[in-house]
Amino acid sequence: MKYKSVSLVYMCNREKIKSFPMDFFRLLPEGCVSDILSFTSPKNAAISSAVSRGFNSAAELDLLRGKFLPEDYEDISSRYVSPRIHSSKKELYFSLCDSPVLMDGGKLSFSLDKKTGKKCFMISARELAISWGVDTPWYWEWIAHPQSRFSEVAHLHTVCWLDIRGTIGSQILSKRSKYVVYLVFKLAEEHYGLDIVYAFVRFVNRVSDKEAEERASILSLVGENVNYVTCSQKRVDGWMEIELGNFINDIGDDEDVEARLMEIKHLDGKGGLIVQGIEFRPE
């Protein structure tokens, strides 16, 4: 606890510490500084490193030892489609921040949030429950896409009943973390019927489908700056994303979390949606 207290005092007063005539943290044992950094995030460790040489060497050592990798990283890596080989755990950490890796036969992708070191997962379109999405290519067609991390994406030709669900076990996510869930998609040149859709995120064993539907958020997959409606945003990878909802993953109990996007109220035609997957990302 004493190291944690030192860490909190330091983070609250780092601007004042910059003006000290001497880098007092260089006088602390390396193990002590490393323990202090273990209570913070990779982002704050980087800030600390810029302020103090003592913190810089300890942060570098922590990255090399893999201290910022998830505790269950060995279990996760055993499920990779192809193993990743890196010269150091520091290189591995930054690789996972910049380049998602496929796991579970290519059905799921895994990466790390660079600021927090927390786990991010995207469920591939093939693993989603899509109404009318199986063996009905006149409704949904499964195609390869050059910008997708997965082998296939789902291309909507036309349906009246739009309903997409994705489920993940909370135990695989980072504990004591707030997660935001996104649909990752593109729109074909000819798209229609996607101006208003609805979405929610729920713990399956805590909230019924009916209850969740009643409090579903209103979204627009095509609108921009629409009042009272959540709109899509462009991602750095060239895809679009729209927030479906969020939740707190407290102690990571073995519970299922479901995200759902739907438009089943107005049975007009809908088409031109290309789905890569649903992403669970720490806030």
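The values are calculated or read from the model by the stated rules, or taken from the named source; none is laboratory data. Every value quoted in this text rests on a predicted model; they were computed, and no experiment measured them. Cβ coordinates were reconstructed from backbone atoms using ideal geometry, including for glycine residues, and neighbour counts include every protein chain displayed. What goes into the accessible areas is simple: the full protein's heavy atoms, side chains included, and nothing from ligands, DNA or RNA. Shrake-Rupley method; radii C 1.70, N 1.55, O 1.52, S 1.80 Å.
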Qualifying residue in region 109-119 (condition: crowded, with 19+ Cβ neighbours inside 10 Å and more than 20 Å from GLU243 (Cα to Cα)): yes
Any hit, region 227-236, residues being part of a loop (DSSP other than H, G, I, E, B), over 23 Å from the mean Cα position of the chain (by Cα) and exposed (fewer than 13 other Cβ atoms within 10 Å of the Cβ): yes
Residue match in region 148-160 (condition: touching a residue at least 60 places away in the same chain (Cβ under 8 Å) and exposed (fewer than 14 other Cβ atoms within 10 Å of the Cβ)): no
From ILE248, ILE242, residue being open to solvent by less than 20 Å² (accessible area, probe 1.4 Å) and either basic (Lys, Arg) or in a strand (DSSP E or B) (or both): ILE242
Sole residue being of a type outside the set (A, V, I, L, M) and outside any strand (DSSP E or B), chosen from ARG165, ARG260, ARG149, ARG202: ARG149
Any hit, region 136-144, residues being surrounded by 14 or more Cβ atoms within 10 Å (Cβ to Cβ), out of contact with any Gly (no Cβ under 9 Å at 6 or more places or on another chain) and closer than 19 Å to LEU187 by Cβ: yes
Members of region 263-275 found to be more than 14 Å from GLY133 (Cβ to Cβ) and outside any loop (DSSP other than H, G, I, E, B), listed by number: GLU263, GLY272
Flag for LEU183 being open to solvent by less than 10 Å² (accessible area, probe 1.4 Å), more than 20 Å from the chain's Cα centre (by Cα) and at pLDDT 95 or above: no
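For the structure I just gave you, tell me whether VAL197 is surrounded by 15 or more Cβ atoms within 10 Å (Cβ to Cβ), under 15 Å from ARG260 (Cβ atoms), in contact (Cβ under 8 Å) with a residue 40 or more places away in the chain and out of contact with any Ser or Thr (no Cβ under 7 Å at 6 or more places or on another chain).
yes
Every residue, every condition in (1) assigned to a loop (DSSP other than H, G, I, E, B); (2) within 19 Å of VAL236 (Cα to Cα); (3) free of Cβ contacts under 8 Å to residues at least 12 places away in the same chain, yes or no:
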| site | (1), (2), (3) |
| --- | --- |
| PRO70 | yes, no, no |
| ARG84 | yes, no, no |
| LEU92 | no, no, no |
| CYS97 | no, yes, no |
| SER111 | no, yes, no |
| TRP142 | no, no, no |
In region 200-226, residue farthest from THR158 (Cα to Cα) [restricted to those that are open to solvent by 20 Å² or more (accessible area, probe 1.4 Å) and of a type in the set (Val, Ile, Thr)]: VAL207
Filter pass, LEU173 being among the aliphatic types (A, V, I, L, M), surrounded by 14 or more Cβ atoms within 10 Å (Cβ to Cβ) and in contact with a Leu (Cβ under 6 Å, 6 or more places away or on another chain): no
